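Below: one structure, written as structure tokens.
The values are calculated or read from the model by the stated rules, or taken from the named source; none is laboratory data. Note that the coordinates shown come from a computational prediction; the quantities given were computed from them, not determined experimentally. Every residue, glycine as well, gets a Cβ built from its backbone with ideal geometry; the counts of neighbours run over all protein chains shown.
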Amino acid sequence: MCLIGFMINEHPEYPFIFASNRDEFYSRETKQAGEWEGLPGLIAGKDVEKGGTWLGLTMSGDFAALTNVREPTADSEGKQSRGELVKSYFENREVFNSNLEHASVYGGFNIIYGNVRQLNYFSNRAELKASLTNGVHALSNAALNTPWPKTEQLKAGMKELVSVHSSSELEENLFTLLKADQAFPVEQLPDTGVGTELERMLSPLFISSDQYGTRSSTVVLVDKYDNCTFVERSYVPSAAEARFTFKIV
């Protein structure tokens with residue numbers, strides 16, 4: 001996952017709104033979002049290569065999502081898969097907490113976790129830790145709410161949807177926002193050490209290149225009556241949609 005935006009207690013009808021893009025190599029095998037065998041009530045996609053996930057939601061409202069931190073000299077050799085962090089949150093909280101205590105065994109990451117009423121933020125590359133019960137927030141490949149052009153565009157776009165009350169219209173507007181593919185001018189971009197050309201290629205909300213880009217988008221809406229809609233739209237290797245509706249209990 002490389003881009004996350006969420007609103008808590010900002011919309012009059014939907015106290016939790018989440019929108020995200022997962023960016024990954026096109027060749028990395030992935031299973032579309034679905035109910036996980038062995039973890040009843042969990043809806044999540046699956047990274048087939050390592051067995052973990054980047055995003056999950058349970059029917060009781062537990063939630064976790066992850067982004068990588070962009071590092072010019074990042075070396076995953078010998079590092080544990082970051083996808084196991086999200087998976088462990090749903091499997092065993094003691095193991096999850098231990099994983100956070102030993103976060104140095106993973107490459108750089110950000111994780112939000114908790115439930116649809118309150119999320120916590122943690123990173124092994126930033127001192128900031130936060131409990132989030134309201135506001136509009138965005139997360140890419142730097143610390144929470146770092147003002148990169150893409151995160152600012154996502155937050156601004158989500159704020160504009162506070163006046164949209166139709167569930168279907170809200171959903172479509174979020175997916176349209178997530179497909180914004182215009183690169184930003186070089187002078188607006190952060191310098192993460194990967195070079196100007198790559199920095200610009202990675203700058204849009206929706207990334208496209210020969211081998212790497214946005215594989216899927218996910219929208220989650222929870223209304224004030226705890227009715228939840230979870231939709232994942234996949235683009236690679238082929239277009240597909242997974243949709244789940246349920247009441248959080």
Report, by residue number, each residue of the range 31-41 that is touching a Ser or Thr at 6+ places or on another chain (Cβ under 8 Å) and assigned to a strand (DSSP E or B).
Q32, A33
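Name the residue, out of A33, A44, that is in contact (Cβ under 8 Å) with a residue 60 or more places away in the chain, surrounded by 14 or more Cβ atoms within 10 Å (Cβ to Cβ) and touching an Asp or Glu at 6+ places or on another chain (Cβ under 9 Å).
Working: A44 fails: in contact (Cβ under 8 Å) with a residue 60 or more places away in the chain.
After ruling out the rest, the residue left standing is A33.
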Looking across the range 237-249 at residues that are among the β-branched types (V, I, T) and at pLDDT 95 or above, the single one that is surrounded by the most Cβ atoms within 10 Å (Cβ to Cβ) is I248
Within the range 133-152, does at least one residue satisfy the condition of being touching a residue at least 12 places away in the same chain (Cβ under 8 Å) and more than 23 Å from L177 (Cβ to Cβ)?
yes
Selection from the range 176-204 of residues touching a residue at least 60 places away in the same chain (Cβ under 8 Å) and either touching a Ser or Thr at 6+ places or on another chain (Cβ under 7 Å) or more than 26 Å from T73 (Cβ to Cβ) (or both) yields L177, L178
Within the range 175-217, the count of residues that are polar (S, T, N, Q), in contact with a Leu (Cβ under 9 Å, 6 or more places away or on another chain), surrounded by fewer than 18 Cβ atoms within 10 Å (Cβ to Cβ) and not in a loop (DSSP other than H, G, I, E, B) comes to 1
Just to be sure I understand, how many residues within the range 218-249 are assigned to a strand (DSSP E or B) and not hydroxyl-bearing (S, T, Y)?
17
